[in-house]
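The next block holds one structure in the form of structure tokens; read it before the comments.
Please treat every number below as a calculation from the coordinates, not as lab data. Only a predicted model underlies this, so the values are computations on that prediction, with no experimental measurement involved. Counting neighbours? That spans all protein chains shown, and the Cβs are built from the backbone with ideal geometry, glycine included.
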Amino acid sequence: MLIDDEEMVRRCTLRMLGDFEVVTASSALEALKILRQDADFDAVLSDVMMPDMSGPELYAVCYRNFPNLAPRFVFASGNAEAARVLLQQAVDRVEAEQAPILLAKPSSREALVLALFAAAAQGEPHSGTYSAVDPMLAEVTKYRG
């Protein structure tokens, strides 16, 4: 799942992830509507700063309501320092063991795909788009790209 309120960023990111099945949402609230119907995603890539509900606020809701999905979050932000503070506040609020991955925007396709594979390796694969030799190492051995 890809969540970003900026259409151009969503389209560019979607193009970078063209080898994968991606469901997009233009807001955290739209993402929640989708997740209430189906929370079976290998990974969630979310913007941090969005109107109405931020990415870290969405993460906190997912941590409570979709606990298997919360460890599979990856965040991206154009202001990584401010994003890190907001993300840490959400992590502290829900008492998560570790913070999700945070990428700076823009990121290379390689960094993005590696982060998504690392996040997806936090749970059992659902879509069949990747496999890991050892989930503890998150070593990617194949993907559909």
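Being buried (at least 18 other Cβ atoms within 10 Å of the Cβ) and either over 13 Å from the mean Cα position of the chain (by Cα) or in a helix (DSSP H, G or I) (or both) narrows it down to one residue among VAL85, VAL91; which is it?
None of the other options fit; the residue is VAL91.
Given GLU7, GLU21, which one is surrounded by fewer than 18 Cβ atoms within 10 Å (Cβ to Cβ), in contact with a Ser or Thr (Cβ under 9 Å, 6 or more places away or on another chain) and farther than 21 Å from ALA104 by Cβ?
GLU21
Within the set of pairs 6+ apart or on separate chains, which have a first residue in segment 69-89 that is among the hydroxyl-bearing types (Ser, Thr, Tyr), a second that is outside any helix (DSSP H, G or I), and C-beta atoms under 9 Å apart?
SER77/ASP47; SER77/VAL48; SER77/MET49; SER77/LEU102; SER77/LEU103; SER77/ALA104; SER77/LYS105
List, please: which pairs have Cβ atoms under 8 Å, are six or more places apart or on different chains, and start with a residue in segment 16-36 that is without any contact (Cβ under 8 Å) to a residue 24 or more places away in the chain and end with one that is assigned to a helix (DSSP H, G or I) and surrounded by 18 or more Cβ atoms within 10 Å (Cβ to Cβ)?
That search, which allows pairs on different chains as well, returns THR24/ARG10; SER26/ARG10.
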